[in-house]
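For reference, the structure discussed in these notes is given below.
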Amino acid sequence: MSAGEENELKELEEYSSRGFSAVEFANRLLISMNDIDHSYSYDIDGSAGDSSGMELDITNPIKKLEFDLIEVNKEMREIGNSKYEEILNEMNKENDIKKLILEIILPSIKQINSNFNTIEKNILQPFNEFKKLNNSIKNLYSTSNLLRKFQYFIYLFEELNNGINNEILDYDSGSSNNSGAYLNKVIRNYYFLNKHLNDNESLMSLKIIRDYKIILGDIKIQKILRFLNQKFNFIIVNHDNTNIKSNNNGDNNYNGDNNYNNDITAKKELDNIKILFISFIIIDENHLVNKLKNYINSLINLSINKLSRILTSPRNFNSLMVEISENGLFLFKISKILEKTEYPFFDEKEETEKNNNEAKLRKIKKNYWSTCLNELENSAIGTGVLKMVIKKLDINNITLLQYYWKEIAIKFEKILTSTIERGGPVGKTLKLYSSEIKNSIKVNVINSGKLNAIEELSENSFEVKMMLNSTNSFDRNTRVY
């Protein structure tokens, strides 16, 4: 093939290129045949501007296209003459493919479509209907479950509201035998009401639940707190009166069951204190911590005031130490109660039907009396809620009793040292009674940690050492470590 023929074929290839554009090709052809400048412009009416009378030649471009058409036909004849066998083979293959499609593939496709239609009708459509029904059942179940939870909420709310509105919380001073039962009921329902809401957040999506919470509100919570304060004050006053009565009877020889000769009375006092602490913690644990902190500090200040006055009459020192020791013992009991009070405070059980075969409601039963404090075991800082209370009191991770005696020791040492250094008859008398004072301190501090005839403190205990060290001014050369 000559070079000219190759160039012609290359020109013909442009017609079969993938990006061939007839408009662009015609434009290029006209430009090449007429030697038109690309900057040449036309007027708006389509006539040429200053064209100097130039005419557009379209005859030669048409001839060029006719020539190319002849060349294409010529090329096709040559290919047909030289490669007719290959062409016939390709045509036969095409016929075979058409036959394959018509005779084998299309029937198979029809069969597949038929099977698919059967599957869609007998399986997919029922399955989709089942899914819709299943979603409906889920929605019904969710609604039913929400209503059951709402029903339980209403039950707890009504029980709580009735308990709060009971007149005993308005007029009782905390001394009534019935107040403990009412308090137990109120706190139990309050505990489980909040637990129920926390465990089922979906309930808050109901407006009626939000309205009920507003009804409960802070006012009624403050009413419970007021009653708890009354109960706390009654227990404290009752303890103080018991101490005064004991001292007036001249009971200076301490017994581990000094104020608990009656086992029933002792158990009842422990139970009342325990449910009081549980109630405080459930409603507002910080309130309990503040009450305890103020009470302990008041005991410390009261003890220091009495000790400062008793120094002028040291023969009565032991009588005062018995009173101070009994206050310490009361704090020791409080520690033991807190130690035995552990989370959760209540057990939850499902029982009984309400009214005539209505949905079963969970009935809450208390269990904290079942683990009453008959025997109080020894421990260091303790477990249960005691750790929480000690941490919030910020007393350097020591027990309530250790804090009590430490603070008394620090302040008593200053008073005693100042009194002795002033000298005079008072200072001389104190030195004469120094042995009795030290012995009284040792015995009574040990007794403050004695329950059920079990001594948990010894001469080497932190509390005893602190109090004995506070008397070092009696003998500067002797100090207990």
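The values are calculated or read from the model by the stated rules, or taken from the named source; none is laboratory data. Owing to the predicted nature of the structure, the values given are computational and were not obtained by experimental measurement. So basically every Cβ, Gly included, is an ideal-geometry build from the backbone, and we count neighbours across all protein chains shown.
Conditions (1) touching a Ser or Thr at 6+ places or on another chain (Cβ under 7 Å); (2) of a type in the set (Ser, Thr, Tyr); (3) modelled with pLDDT under 90; (4) farther than 23 Å from Ser319 by Cβ, marked per residue:
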site	(1), (2), (3), (4)
Asn396	no, no, yes, yes
Ala409	yes, no, no, no
Phe412	yes, no, no, no
Lys428	no, no, yes, no
Asn447	yes, no, no, no
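Mind telling me which of the residues Leu156, Leu124, Leu100, Leu140 ends up being under 30 Å from Ile187 (Cβ atoms) and among the aliphatic types (A, V, I, L, M)? Being under 30 Å from Ile187 (Cβ atoms) and among the aliphatic types (A, V, I, L, M) holds for just one of Leu156, Leu124, Leu100, Leu140, which is Leu156.
For region 157-270, please list each of the helices (runs of 4 or more DSSP H) lying entirely inside it that holds at least 2 residues being more than 30 Å from Val445 (Cβ to Cβ), modelled with pLDDT of 80 or more and over 23 Å from the mean Cα position of the chain (by Cα). Show your work before the answer.
Working: elements: 168-171, 177-199, 207-248.
By residue number, 177-199, 207-248.
Within the bounds of region 420-442, is there any residue that is among the small types (Gly, Ala, Ser), in the same structural domain as Asn327 (by TED's automatic domain parsing), assigned to a helix (DSSP H, G or I) and farther than 12 Å from Leu468 by Cα?
Here is the first cut: in region 420-442, the residues among the small types (Gly, Ala, Ser) are 423-424, 427, 434-435, 440.
Imposing the further condition that a residue be in the same structural domain as Asn327 (by TED's automatic domain parsing) reduces the set to 423-424, 427, 434-435, 440.
Pick out the ones that are also assigned to a helix (DSSP H, G or I) and you get 424, 427, 434-435, 440.
Still in the running and farther than 12 Å from Leu468 by Cα: 424, 427.
Yes, region 420-442 contains at least one residue that is among the small types (Gly, Ala, Ser), in the same structural domain as Asn327 (by TED's automatic domain parsing), assigned to a helix (DSSP H, G or I) and farther than 12 Å from Leu468 by Cα.
Of note, Ile70 does not satisfy the criterion of being surrounded by 11 or more Cβ atoms within 10 Å (Cβ to Cβ) and either assigned to a helix (DSSP H, G or I) or within 60 Å of the chain's Cα centre (by Cα) (or both). Residue-level analysis places Leu430 among those that are touching a residue at least 60 places away in the same chain (Cβ under 8 Å), more than 46 Å from the chain's Cα centre (by Cα) and buried (at least 17 other Cβ atoms within 10 Å of the Cβ).
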